[in-house]
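Participant: Following this message is one structure expressed as structure tokens.
The values are calculated or read from the model by the stated rules, or taken from the named source; none is laboratory data. Because the structure is a prediction, the values reported are computed rather than measured. Neighbour counts are summed over all protein chains in view; Cβ atoms, including those assigned to glycine, are modelled from backbone coordinates with ideal geometry. Heads up: the accessible areas ignore ligands, DNA and RNA and are worked out on the full protein's heavy atoms, side chains in. Shrake-Rupley method; radii C 1.70, N 1.55, O 1.52, S 1.80 Å.
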Amino acid sequence: MKTGMVLEGGAMRGLFTAGVLDAMMAEGIVVDGVMGVSAGACIGANWITRQPGRALRYMKAYCRDQRFCSVRSLVQTGDLFGAQFCYHEIPNQLDPVNAAAYAENPTKFYVVCTDIETGETVYHTCKSMSDRELEWVRASASMPLASRIVKLSGRKLLDGGITDSIPLRKMEQLGYIRNIVVLTQPDGYRKTPNRSIAAVRMAYRKYPALMEAMENRHRMYNEQVKQVKAAETSGRAFVIRPANPLPIGRICHDPALIQQAYDLGRQAAQQRMQALHTFLDT
């Protein structure tokens, strides 16, 4: 029986996920595959490279750096989160990913993107931490209106959360029968219609399939939350989520709040660790 892990996005709310994963790494927990969406893809890479603490470290170090995340970066480059700085300078130079550990780890790592021309979900298997594969991670986390379109393998891509925010069903289709699901919103959260839909229509009028997906995203997300709840109830999924709304938004420049969100994730995992071991051993 293959065990998988599904990581929801949420931009800087991903610090909660980082805390959860670090707590599980400290316990020696392993899975057969990880599928990350948006921030979940960025954080999930550290699970494969076995680098606990890395996400917290670089986010605290660079959260106030305009190259990392700023309106200036958005105006100058088209990306709120600087593409070159976040996805190349940090992982290659400033806080390097352990590419050798990634290559040695048998755990498969999937990232989720959205093809804006077709409105289809694209699931990509990252075979390494090369610059090209890091571009797939960037595509997964490229939020509409806040990022440039990423062109890879003949596709035009944006954030995977547009079309598959919590890809539990896809993991089960791939044969991962037992799954750990890490969410960044509390139980009972429901997404509401996009308040920026008028701006989306204007910016992406050439991509009607994307606009349709954006208009329906809240319905898709809320249905997936129900699916996750059903899988949790039936014992197919073990869900770790914050008990309350996180004290951090999609963007944060405060190292103290970043630490707090990370600590909440670590505590949530530690509080349920015995139950998680039971789930994995059953």
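Participant: Ratio of the stretch 187-232's C-alpha Rg to 2.2 N^0.38 Å, to two decimals?
Facilitator: Against the empirical 2.2 N^0.38 Å value, I get 1.38 for the stretch 187-232.
Participant: Once both labels are modelled 7 Å past Cα along the beta-carbon direction, what's the THR282-LYS2 spacing in nm?
Facilitator: Label-label distance for THR282 and LYS2, simple model: 2.2 nm.
Participant: At THR77 and ASN216, where each label point lies 7 Å from the Cα along Cα→Cβ, what is the point-to-point distance in nanometres?
Facilitator: Reported label-point gap for THR77 and ASN216 is 3.4 nm.
Participant: Further question: For the stretch 59-67, what does the Karplus curve 6.51 cos²θ - 1.76 cosθ + 1.60, with θ = phi - 60°, yield as ³J(HN,Hα) per residue in whole Hz, taken in order and with x for Gly and Pro?
Facilitator: Whole-Hz 3J(HN,Hα) from phi for the stretch 59-67: 5, 5, 5, 10, 4, 9, 7, 5, 6.
Participant: Moving to a separate point now. Based on the Cβ-Cβ distance of ASP65 and ALA209, what FRET efficiency does E = 1/(1 + (r/R0)^6) give at R0 = 35 Å, to the nearest 0.05?
Facilitator: Rounded to the nearest 0.05, the efficiency is 0.50.
Participant: Can you classify the chain as rounded, prolate or oblate using the Cα gyration tensor, where a ≥ b ≥ c are the square roots of its eigenvalues, rounded means a/c under 1.5, and otherwise it's prolate if a/b beats b/c and oblate if not?
Facilitator: Because its axes are fairly even, with a/c under 1.5, the chain counts as rounded.
Participant: Shifting gears a bit: Using a ≥ b ≥ c from the Cα gyration tensor of the stretch 153-282 (square roots of the eigenvalues), is it rounded, prolate or oblate, where a/c under 1.5 gives rounded and otherwise the larger of a/b and b/c decides, a/b for prolate?
Facilitator: oblate
Participant: Let me ask something else about it. Amide H of GLU117: which non-local residues (sequence gap of 5 or more, or other chain) have their own amide H closer than 5 Å, using H built in the peptide plane?
Facilitator: Here LYS156 satisfy the definition.
Participant: What is the stretch 146-270's relative contact order, in percent, from Cα pairs under 8 angstrom and six or more apart in sequence?
Facilitator: In percent, rounded to a whole number, it is 29.
Participant: OK, next. Please report, in debye to the nearest 20, how large the charge dipole of the chain is about its Cα centre when each Lys and Arg carries +1 at its beta carbon and each Asp and Glu carries -1 there.
Facilitator: Dipole about the Cα centre, nearest 20: 560 debye.
Participant: Can you tell me which of THR77, THR49, THR163 moves the most in a GNM of the chain? Springs connect C-alpha atoms under 10 Å apart.
Facilitator: Of the options given, THR77 has the highest mean-square fluctuation.
Participant: Still on this model: How much of the accessible area of the stretch 107-156, in percent, comes from carbon and sulfur atoms when a 1.4 Å probe is used?
Facilitator: Working: 920 of 2050 Å².
Carbon and sulfur: 45 percent of the exposed surface of the stretch 107-156.
Participant: Give me the accessible area per residue for the chain, probe 1.4 Å, as a whole number in Å².
Facilitator: I get 44 Å² per residue for this part.
Participant: Turning to a different aspect of this structure: When the chain is fully extended, how far beyond the present Cα-Cα distance does ASP254 get from LYS229, taking 0.36 nm per residue of separation?
Facilitator: Details: separation 25, 0.36 × 25 = 9.00 nm, distance 3.27 nm.
Roughly 5.7 nm would be gained on extension.
Participant: For Cα pairs less than 8 Å apart in space and 6+ apart in sequence, what is the mean separation divided by the residue count of the chain, i.e. the relative contact order in percent?
Facilitator: 28 percent
Participant: Residue by residue through the stretch 68-73, which ³J(HN,Hα) values in whole Hz follow from phi under the Karplus form 6.51 cos²θ - 1.76 cosθ + 1.60 (θ = phi - 60°), with glycine and proline marked x?
Facilitator: Taking θ as phi minus 60°, the curve returns 7, 7, 6, 5, 4, 4 Hz for the stretch 68-73.
Participant: Taking H placed 1.01 Å from N in the peptide plane, check which residues at least 5 places from ILE180 or on another chain put their amide H under 5 Å from its amide H.
Facilitator: Residues meeting the criterion, in which the H sits 1.01 Å from N, are GLY4, MET5, VAL6, PHE238.
Participant: A further question follows. Amide H neighbours of PHE109 under 5 Å, counting only residues 5+ apart in sequence or on other chains, H built in-plane at 1.01 Å?
Facilitator: Excluding prolines and chain starts, which carry no amide H, the hits are VAL34, CYS126.
Participant: Distance from the Cα centre of the stretch 54-69 to that of the stretch 85-143, in angstrom?
Facilitator: 18 Å
Participant: What list of ³J(HN,Hα) couplings, whole Hz, do you get for the stretch 26-33 from phi and the Karplus terms 6.51, -1.76, 1.60, once you set θ to phi - 60° and write x for glycine and proline?
Facilitator: Along the stretch 26-33, the couplings run 5, 8, x, 6, 10, 9, 8, x Hz.
Participant: Another question, then. With springs only between Cα atoms under 10 Å, which of GLN173, GLN227, GLN51 fluctuates most in a Gaussian network model of the chain?
Facilitator: GLN173
Participant: How high is the relative contact order of the stretch 97-202, in percent, counting Cα pairs under 8 Å that sit 6 or more residues apart? Before the final figure, lay out each step's value.
Facilitator: On the way: 121 pairs, mean separation 24.0, N = 106.
Relative contact order comes out at 23 percent.
Participant: Moving on to the next point. How large are Rg and Dmax for the stretch 65-108 when calculated on the C-alpha trace, in angstrom?
Facilitator: 13.6, 40
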